[in-house]
Amino acid sequence: MEEGSLRCDANISICRKNDTKFGTKVEIKNMNSINNVKQAILYEKGRQIELIKNNKTIKQETRLYDAIKNKTISMRSKEESNDYRYFHEPDLLPVIIKEEEIINIKNNLPPLPDELKSLFMNKHKLSEYDTNILTEDKTLALYYLEVVKKNKNYKTAANFIIGKIKSYLNENGITIKTFKLNPEKISKLVNLISSGKINYSTASNIVFPIMIQNIKKDPEKIVIEENLTQESDDTKIELYIEKAIKKYPEKVKEYQNGKKGLIGLFMGEIMKLSKGKTDPKKTNILLNKKLNERK
């Protein structure tokens with residue numbers, strides 16, 4: 001179109017509201033812009049409506065569009081549909097598709113977006129936000145499905161893919177198609193988080209980067225080799241809590257006087273002391289209990 005070589009034909013026919021078939025077709029030839037196509041169709045529609053209203057016959061013909069006068073002009077008549085070349089092309093062989101081929105293709109089609117959204121929200125219990133992010137990219141949605149194929153950790157898997165993996169893809173200017181880690185490896189990492197062996201922070205900031213550097217390495221082996229197993233023993237967690245509280249005595253008083261946001265300060269210190277290995281949920285419960293006991 002930018003070369004001025006666009007040519008377009010349009011076939012127009014109308015019918016009354018209760019008619020079951022369209023009326024006589026009129027062809028408009030050689031229009032050279034989208035706007036001309038639009039204006040020609042609008043004019044021709046109006047012309048045919050007026051003919052029918054006045055009980056006149058619409059002739060089967062080819063017309064031209066005059067953009068200056070904004071009207072169509074008769075070019076030549078066409079008496080038979082064959083004049084429009086509505087006949088078989090002898091050089092094109094028929095394509096015969098067997099029923100089993102159709103069934104096989106149908107059975108191997110990937111799920112459609114609406115189907116995926118229904119699955120993610122109704123069965124996997126993901127939020128609408130998470131669902132929309134996963135389904136805006138078909139390959140990302142299918143990657144997620146592969147991750148959760150062997151487990152039911154839907155929310156953890158969605159969080160890790162939407163959070164850590166998508167951030168990594170964006171930072172490196174790549175897509176999930178060229179992502180080095182296969183879904184099976186991520187599935188194992190998600191299982192480690194869900195089982196409580198490591199927390200999300202450890203998985204995201206320590207295990208995942210090591211996996212990126214060595215794609216053949218199993219995440220569970222990384223956890224063992226790096227001594228990253230999450231600490232869930234109450235006694236050990238309480239020792240970290242005591243150290244954090246002793247470091248910030250003034251902040252303890254402020255917390256007890258109503259500055260509940262300071263809980264993050266203590267949690268950060270505990271995570272630093274434990275090298276991120278304490279169970280965050282259990283630590284938070286024990287920390288709250290300890291701070292409130294000191295009133």
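Every read-out reported here was derived from the displayed coordinates using simple, explicitly stated rules and does not represent laboratory data. Please read these numbers as outputs of a predicted model, since none were measured by experiment. Counting neighbours? That spans all protein chains shown, and the Cβs are built from the backbone with ideal geometry, glycine included.
So which trypsin sites (Lys or Arg not before Pro) in the range 112-173 pass both tests, a DSSP loop state and at most 16 other Cβ atoms within 10 Å of the Cβ?
Counting only loop positions with at most 16 other Cβ atoms within 10 Å, the trypsin sites (Lys or Arg not before Pro) in the range 112-173 are Lys125, Lys149, Lys150, Lys152.
Which residues in the range 5-27 place their backbone N less than 16 Å from a point set 7 Å from the Cα of Ala67 along the Cα-to-Cβ direction?
Output list for this probe position: 5-10.
By Kyte-Doolittle mean hydropathy of at least -0.5 and Cα axial length of at least 24 Å, which whole DSSP H helices of the chain are selected?
Correct list, ordered by number: 34-53.
Determine the alpha carbon to alpha carbon distance for each of Lys155/Lys290; Lys164/Lys277; Lys25/Lys106; Lys197/Lys259; Lys166/Lys289 and list only those over 29 Å.
From the list (Lys155/Lys290; Lys164/Lys277; Lys25/Lys106; Lys197/Lys259; Lys166/Lys289), the Cα-Cα distance tops 29 Å for Lys155/Lys290; Lys25/Lys106; Lys197/Lys259; Lys166/Lys289.
Pick from Lys38, Lys217, Lys260: which is most flexible by mean-square fluctuation in a GNM of the chain where alpha carbon atoms under 10 Å apart are linked?
Lys38
Looking only at chymotrypsin sites (Phe, Trp or Tyr not before Pro) in DSSP loops with at most 12 other Cβ atoms within 10 Å, what is the longest site-free stretch of the chain?
Longest run free of exposed loop sites: 88-295.
Could you check the simple spin-label distance between Leu6 and Met121, using points 7 Å along Cα→Cβ, in nm with one decimal?
That separation, rounded to one decimal, is 3.8 nm.
Output wanted: per-residue J couplings in Hz (rounded whole) for the range 17-29, from phi through Karplus 6.51 cos²θ - 1.76 cosθ + 1.60, θ = phi - 60°, x for Gly and Pro.
4, 8, 6, 9, 10, 6, x, 5, 7, 10, 9, 10, 9
Would you mind calculating the gained length between Lys17 and Asn54 on full extension (0.36 nm times residue separation, minus the Cα-Cα distance), in nm to one decimal?
Additional length available on full extension: 11.6 nm.
Label Leu42 and Thr178 with points 7 Å out from Cα along Cα→Cβ: what is the distance between them in nm?
4.6
Residues in the range 7-22, backbone N under 18 Å from the label point at Asn30 (7 Å along the Cα-to-beta-carbon vector): list them, ranges by number please.
Residues 7-11 fall inside that zone.
What residue among Asn199, Asn104, Asn32 shows peak mean-square fluctuation when the chain is described by a Gaussian network model with Cα springs under 10 Å?
Of the options given, Asn32 has the highest mean-square fluctuation.
Once every Cα of the chain carries one equal point scatterer and solvent is ignored, give the base-10 log of I(q)/I(0) from the Debye formula at q = 0.07 Å⁻¹, two decimals.
Here log10 of I(q) over I(0) equals -0.59.
Where the centroid of each part is defined by its Cα atoms, how far is the range 112-184 from the range 1-69 in Å?
Between the Cα centre of the range 112-184 and that of the range 1-69, the gap is 49 Å.
Which residue, Leu126, Leu51, Leu262, has the most motion in a Gaussian network model of the chain that connects Cα atoms within less than 10 Å?
Evaluated over the chain, the most mobile residue of the options is Leu51.
Rounded to the nearest 500 deg cm²/dmol, what is the calculated helix-only ellipticity per residue at 222 nm for the chain, with -39500 (n - 2.57) per DSSP H run of length n ≥ 4?
Result for the chain, helices only: -14000 deg cm²/dmol.
State, to one decimal in nm, how far the label point of Glu100 lies from the label point of Asp114, with both points 7 Å from Cα in the Cβ direction.
3.3
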